[in-house]
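Here's the structure, in structure tokens; my notes come after.
The values are calculated or read from the model by the stated rules, or taken from the named source; none is laboratory data. What you are looking at is a predicted structure, and each value in this text was computed from that prediction instead of being measured. Ideal geometry is used to build each Cβ from the backbone, glycine not excepted, and the neighbour counts take in all protein chains shown.
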Amino acid sequence: MGDGNGGGGASGATARSGAQLRSVRRALAALRAFEPPPHSLGVSEISRALGLSKGTVHLLTKVLEGEGFLERDAATGKFQLGPAIHILTAAARRDLRLAAREPMHRLYTETSFPAYLAVLLADRAVIVEKAAPTLSFLAILDVGAPMPLHSSAAGKVLLACSPAETRARLLGALKRSGLEPMTPGTITSFDALRAEIEKVARDGFALDREESLPGVFCVAAPVRGADGEMTAAVSVAAPAPAFEDAGQIELVRDMVRRTAEAISYRLGYRATG
């Protein structure tokens, strides 16, 4: 009897372990379903992609949303990758973050403006590092926070300096979805955005003239990896009145550029010519 009970217990534990592993695999598969564009899926779409019932997918998404790995768009009811994924991405970008930390702190010290480092993740600009005071009305963005591609300075840099194929795909997605007006100053014309992105690509920096947040002006520049490809964008955010003078914009622009160059150098990039 003792052997029979022990065997039954072991068998039950094995069954439970197998069920748990299946649940983990399904959850991971659900997250992987968001890799291809448009990176926004409803329960029915996830169900078709995974070959699972809608009931099972509903339970999966409920758990993943509760843990922060997915978030639901209130307008469309569809899911997209959540803040927990972005925070894990920031942790995975350890080399980039370490290379950026000291130059960003120096930039913050010299300007007194919060500095941010953003990368592309699932076609979104996401903050992976920051140098900012603990208490400041400008220190409103944290690691893992998304930034709009069409209105933030960092987003414009990531958009403009991406490889041509990526840039075309991102612009196409923005054209289909429309340009959300974050403030009265947001660019909402696709033709105007395309012209802005072309200018950013030529000039090597981007401005956010109160386009993402009222009263906040931002400047960003691209960070390049050892292969010369854009890998991130570094930016500062400041009260708009601080940039009423064109000379001040140029001064901070040059400081942001030097910071981007310092991070790029630490990543192994060596400019030629």
Restricting attention to the stretch 99-130, which residues are over 22 Å from Gly268 (Cβ atoms), among the small types (Gly, Ala, Ser) and buried (at least 20 other Cβ atoms within 10 Å of the Cβ)?
-> Ala125
Within the stretch 145-162, track down each residue that is of a type outside the set (S, T, N, Q) and in a loop (DSSP other than H, G, I, E, B).
-> Ala145, Pro148, Leu149, His150, Cys161
Restricting the search to the stretch 182-229, which residues are charged (D, E, K, R) and part of a loop (DSSP other than H, G, I, E, B)?
-> Glu210, Glu211, Asp227, Glu229
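Conditions tested, residue by residue: (1) polar (S, T, N, Q); (2) touching a Phe, Trp or Tyr at 6+ places or on another chain (Cβ under 7 Å); (3) without any contact (Cβ under 8 Å) to a residue 60 or more places away in the chain.
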| position | (1), (2), (3) |
| --- | --- |
| Leu170 | no, no, yes |
| Thr186 | yes, no, yes |
| Asp191 | no, no, yes |
| Lys199 | no, no, yes |
| Arg209 | no, yes, yes |
| Leu213 | no, no, no |
| Ala220 | no, yes, no |
Return yes when Leu179 is within 13 Å of Leu159 (Cβ to Cβ), at pLDDT below 95 and assigned to a helix (DSSP H, G or I) and no when it is not.
-> no
Those residues of the stretch 188-208 that are over 20 Å from the mean Cα position of the chain (by Cα) and aliphatic (A, V, I, L, M) come to a total of 2
